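Have a look at the structure below, then the notes.
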Amino acid sequence: MIERVHAYDPTADEALLNRAYVYAMRMHGSQTRASGDPYYAHPIEVAGILTEYRLDTATIVTALLHDVIEDTPVTKEEISKLFGEEIAELVEGVTKLSKLELQAEHARQAENLRKFILAISKDVRVLLVKLADRLHNMRTLHFIKSQAKRERIARETRDIYAPLARNIGCHRICTELEELSFEHTNPVARTAIIRRLDTLRAEQGGRWPWSARRSRPVWNLRAYRPECLAARSRPIRSGASCSASRSASRRCPTSTPSG
């Protein structure tokens, strides 16, 4: 992960990243996820997603620490003492957003909640960490045994987090969140679409004609191709967003859907 950060930000504080990595592992300890993996694997994956967007060191450290206040005895004051006030504020901001998820589903109105999340997020980096957190959770949603819970989380992602990602210009995250949500909310339709796309591709000799490419659905079943990552020269810092990566992503060839 440090090599990926240094690839776009040679001035990144390697010692700070290492301290955050070790601290997250130590604090989460023996906690595990539904998949059976150690819990600390989750913040590491979230940080890895954010390196694709070339985020600054403070944001990567926040990703590594984003669950320690919520899931461990750690306090904001301790984070501030060890990692600085900026990172403590970011971690606390992500924690506040996570607490909103604990509200009863019937008490939510998606549009109002999206506006509220945007309003209380003083720093766009808080939203970016939260979106990366939700993305990794959606990638591993199939490990949750309860179908009702999977569908609830998928609907919440579709109605709240995917639109939030679109609103701040993170279209690749939005697309993958929509795809993963669709997989859990309507698996029968998704299977039918995949079969139809495979049939069309086979009829065209494995290639898409121009008319078919233009009429394809919005979901892309091969999201996150490495060559589609934004070619930014500097890390994104406070006040920036993912929208700056769109010009690079437009130049990337679209991948062919596949089952």
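Here, each number is a calculation from the coordinates, and none is a lab measurement. Keep in mind it's a predicted model, so treat the numbers as computed, not measured. Using ideal geometry, Cβ is built from the backbone for each residue, glycine included, and neighbour counts are taken over all protein chains shown.
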| query | Within straight cross-link reach of Lys145, meaning Cα distance under 26 Å, which lysines are found once same-chain residues fewer than 8 apart are removed? | reply | Lys99, Lys130
| task | Extending each Cα 7 Å along its Cβ direction at Glu78 and Leu118, get the distance between those two points in nm, one decimal. | result | 3.6 nm
